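K.L.:
Supplied in structure tokens, the structure appears directly below.
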Amino acid sequence: MSDTAAQQALRARQGAGARYDAASAPAGDLLLARRGTAYFARLLNGLRDEDLTPQRRQVIARVSLQARAMALAVKHLRAPLNEEETDWHPDPEMTVTLPAHALRYLFDHAQIHLNVEWRDTRDADWDGTVVFPGWIDAPARQVPLIRARAIWHAALELGAGGKAQDLPEGLQP
């Protein structure tokens with residue numbers, strides 16, 4: 001079965017409510033970011049709570065808050081942000097003090113939120129500009145590559161067994 005036929009069969013099984021990336025989405029960069037997120041998550045899940053040192057907590061907080069900021073910025077391409085989203089000002093210093101389970105949940109929730117926003121981004125929106133005051137101002141189609149670089153490098157910085165040779169070509173330090 002060809003990749004196209006397999007993809008069509010999968011979509012038929014998943015039904016009308018399933019979300020998919022827009023046809024004009026930067027598929028390769030989205031795949032790099034999603035694989036990097038899975039790689040980071042595997043390393044994070046391999047750590048015991050007591051192994052979450054202050055340095056590791058900073059890495060987890062940084063990539064989690066980055067995902068949340070990106071999700072809000074990408075959402076803003078297609079819809080106005082609500083008051084809570086507009087007023088969101090994360091406190092990285094407070095974030096690193098969260099209990100281990102809450103820090104892990106923050107990572108999980110933020111990466112899911114970002115992925116949902118990417119999947120909801122319409123074809124035309126990929127040609128827009130993502131703006132999040134004080135943080136990012138970039139063409140929308142560059143955001144997945146920005147995230148891919150950040151999450152893959154954070155996986156190495158986590159110090160939990162990630163190896164430079166595991167990074168995809170073009171993202172190696």
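The values are calculated or read from the model by the stated rules, or taken from the named source; none is laboratory data. These figures come from a predicted structure and were not determined experimentally. So basically every Cβ, Gly included, is an ideal-geometry build from the backbone, and we count neighbours across all protein chains shown. For accessibility, only protein heavy atoms count, side chains too; no ligands or nucleic acids. Shrake-Rupley method; radii C 1.70, N 1.55, O 1.52, S 1.80 Å.
K.L.:
Among residues belonging to segment 139-159 that are touching a strand residue (DSSP E or B) at 6+ places or on another chain (Cβ under 9 Å) and surrounded by fewer than 16 Cβ atoms within 10 Å (Cβ to Cβ), point out the one that is nearest to ARG35 (Cα to Cα).
P.N.:
Restricting to residues being touching a strand residue (DSSP E or B) at 6+ places or on another chain (Cβ under 9 Å) and surrounded by fewer than 16 Cβ atoms within 10 Å (Cβ to Cβ), the top hit is GLN142.
K.L.:
Among the residues of segment 141-173, write down those that are in contact (Cβ under 8 Å) with a residue 60 or more places away in the chain and of a type in the set (Asp, Glu).
P.N.:
Scanning segment 141-173 gives GLU157, ASP166.
K.L.:
Name the residue that is farthest from GLY162 (Cα to Cα), counting only residues in segment 42-58 that are in a loop (DSSP other than H, G, I, E, B) and open to solvent by less than 40 Å² (accessible area, probe 1.4 Å).
P.N.:
LEU52
K.L.:
From (1) more than 25 Å from ALA22 (Cα to Cα); (2) at pLDDT 95 or above, pick out the condition that doesn't hold for GLU84.
P.N.:
(2)
K.L.:
Quick check on MET94: is it of a type in the set (A, V, I, L, M), more than 28 Å from THR121 (Cα to Cα) and in a helix (DSSP H, G or I)?
P.N.:
Answer is yes for this residue.
K.L.:
Right, another one. Specify the residue that is nearest to the chain's Cα centre (by Cα); the eligible residues are those in segment 111-131 that are open to solvent by less than 50 Å² (accessible area, probe 1.4 Å) and acidic (Asp, Glu).
P.N.:
GLU117
K.L.:
How many residues are in a loop (DSSP other than H, G, I, E, B), modelled with pLDDT under 95 and either within 16 Å of the chain's Cα centre (by Cα) or among the aliphatic types (A, V, I, L, M) (or both) when one looks only at segment 132-173?
P.N.:
Count: 3.
K.L.:
Check whether at least one residue in segment 119-127 is touching a helix residue (DSSP H, G or I) at 6+ places or on another chain (Cβ under 8 Å) and among the aliphatic types (A, V, I, L, M), and report yes or no.
P.N.:
Within segment 119-127, not a single residue is touching a helix residue (DSSP H, G or I) at 6+ places or on another chain (Cβ under 8 Å) and among the aliphatic types (A, V, I, L, M).
K.L.:
Let me ask another. THR4 passes all but one of (1) within 23 Å of PRO139 (Cα to Cα); (2) in a helix (DSSP H, G or I); (3) open to solvent by 30 Å² or more (accessible area, probe 1.4 Å); (4) not basic (Lys, Arg); which number fails?
P.N.:
(1)
K.L.:
Kindly list the number of the only condition in (1) within 16 Å of the chain's Cα centre (by Cα); (2) in a loop (DSSP other than H, G, I, E, B) that fails for ALA73.
P.N.:
Among (1) within 16 Å of the chain's Cα centre (by Cα); (2) in a loop (DSSP other than H, G, I, E, B), the lone unmet condition for ALA73 is (2).
K.L.:
Are any residues in segment 23-38 of a type in the set (S, T, N, Q) and surrounded by fewer than 20 Cβ atoms within 10 Å (Cβ to Cβ), and if so, which ones?
P.N.:
Correct list: SER24 only.
K.L.:
Name the residue, out of TYR20, TYR39, that is within 22 Å of the chain's Cα centre (by Cα) and closer than 17 Å to GLY162 by Cβ.
P.N.:
Of TYR20, TYR39, the one residue that is within 22 Å of the chain's Cα centre (by Cα) and closer than 17 Å to GLY162 by Cβ is TYR39.
K.L.:
Here's a follow-up. Quick one: would you say ALA102 is closer than 30 Å to ASN45 by Cα, in contact with a His (Cβ under 8 Å, 6 or more places away or on another chain) and assigned to a helix (DSSP H, G or I)?
P.N.:
no
K.L.:
Which is open to solvent by 40 Å² or more (accessible area, probe 1.4 Å), within 13 Å of the chain's Cα centre (by Cα) and either on the phi > 0 side of the Ramachandran plot or among the acidic types (Asp, Glu) (or both), of ASP108, ASP91?
P.N.:
Values: ASP91 fails: within 13 Å of the chain's Cα centre (by Cα).
From the options ASP108, ASP91, the qualifying one is ASP108.
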